[in-house]
Ligand code: RTP
Ligand code: MG
């Protein structure tokens, strides 16, 4: 079953959106595999966003993502990587559709509430970066076997 890495960014935490965001992924039918409330070091943030190292906003991005606690998660489900990106909405909240997380709650491109892995390779890389294998909890949903 496919897994993805999602991270509620410092603005999402500060605005009290952790519960609302978790609810959306639960309601969609995905399964929580791991969760961690933590604050990123600069080193971890620079590794996580390494693909953007040469971009003009890189310094600002690292400053922001390390500015306060984040809620890091692993979710599992069918096509969860792509589907999560759909639930999250496009990068710039101004363009994100209403009904998406960024469309409903975001205003600023740098402070866009939540991160989601963009491919199988980045999901694997990011899950390994933030969680050890014994922090990933595998279980069967016994009440909703149709999901
Ligand atoms: P994320 O990685 O955080 O899930 O966001 P994303 O895939 O939608 O966007 P990405 O291109 O990977 O950019 C990573 C984060 O960098 C910030 N950003 N700022 N100032 C700017 O023009 C700009 N562009 C991107 C955003 O916080 C974006 O989520
Ligand atoms: Mg990205």
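What follows is calculated from the coordinates using simple rules that are stated; it is not laboratory data. Computed from a predicted model, the values in this text were never measured in an experiment. With ideal geometry, Cβ positions are generated from the backbone for all residues, glycine too; neighbour counts draw on all protein chains shown.
Quick notes
- Gyration tensor verdict on segment 66-132 (Cα atoms; rounded if a/c is under 1.5, prolate if a/b is larger than b/c, oblate otherwise): oblate
- Cα shape, segment 18-67, gyration tensor, a/c 1.5 rule: prolate
- Computed from the C-beta positions of residue 140 and residue 54 and an R0 of 35 Å, the FRET efficiency is 0.20 to the nearest 0.05.
- Counting neighbouring Cβ atoms within 10 Å and putting the fewest first, the residues 111, 7, 1 line up as 1, 111, 7.
- Annotation: extensible slack from residue 129 through residue 38 equals 31.4 nm (criterion: 0.36 nm per residue apart, minus Cα-Cα distance).
- Helix-derived mean residue ellipticity, 222 nm - over the chain, DSSP H n ≥ 4, -39500 (n - 2.57), to 500: -10000 deg cm²/dmol
- The angle separating the long axis of helix 120-130 from the principal Cα axis of greatest extent in the chain is about 80 degrees.
- Working from Cα pairs under 8 Å separated by at least six residues, relative contact order for segment 2-147 is 35 percent.
- Projected area averaged over orientations for segment 7-147, convex hull of C-alpha atoms, nm²: 8.5 nm²
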